[in-house]
Amino acid sequence: MFQIKRSPWVLHYDGSSCNGCDIEVLACLTPVYDAERFGIINTGDPMQADILLITGGINSQNADVVKQLYDQMPRPKVVVAVGVCACTGGIFKDCYNILGGADKVIPVDIYVPGCAARPQAIIDGIVQAVDLFQRRLEKHNDYMKEHAHDKNDAKNKKTGTED
């Protein structure tokens with residue numbers, strides 16, 4: 001098992017599902033399955049979220065909303081598509097207004113198939129997302145440390161001061 005350095009915050013968004021996957025995601029957050037034991041914290045604020053759990057297909061009305069939520073999330077971030085509808089459009093993929101899965105508008109990192117996705121599969125996807133987030137966070141922190149002097153040099157040049 002990996003070592004968690006920071007508890008990632010999870011944002012759950014329902015695209016246009018039948019609510020089957022939503023119920024299973026909520027079941028994961030209850031004490032029965034207790035996904036929070038893996039270090040996640042549920043949030044409703046995309047600006048605080050590190051992992052986006054998306055259920056349901058993408059349609060013409062929610063595509064911009066999904067893109068906006070993704071854009072509001074800080075980097076590094078991880079996207080988990082939960083259920084066959086979020087993965088491919090599912091049984092609704094041939095409907096006139098369904099564009100397909102979440103990957104039609106945002107990059108998806110982890111796919112959790114199922115109709116409805118089982119809590120055990122969702123938790124497995126969450127664990128994979130936490131691991132991926134931790135690896136991306138380490139790379140991001142290393143990058144920021146490497147380039148911190150560049151930022152200070154630019155700031156000093158702008159203000160006319162030196163170290």
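No lab work stands behind these numbers, since they all come straight from the coordinates. Model, not experiment: these values are computed from the prediction. Neighbour counts are summed over all protein chains in view; Cβ atoms, including those assigned to glycine, are modelled from backbone coordinates with ideal geometry.
Among the residues of the stretch 27-48, write down those that are within 25 Å of residue 92 (Cβ to Cβ) and either aromatic (Phe, Trp, Tyr) or touching a His at 6+ places or on another chain (Cβ under 8 Å) (or both).
Selection gives nothing.
Which is on the phi > 0 side of the Ramachandran plot and free of Cβ contacts under 8 Å to residues at least 40 places away in the same chain, of 90, 100?
Matching residue, one of 90, 100: 90.
Test residue 45 against the stated conditions and say whether it is crowded, with 19+ Cβ neighbours inside 10 Å, of a type in the set (Asp, Glu) and out of contact with any helix residue (DSSP H, G or I) (no Cβ under 8 Å at 6 or more places or on another chain).
So residue 45 does not fit the description; no.
Conditions first: (1) more than 25 Å from residue 5 (Cβ to Cβ); (2) in a helix (DSSP H, G or I); (3) small (Gly, Ala, Ser). Residue 117 passes all but one, so which condition is the exception?
Every listed condition holds for residue 117 apart from (2).
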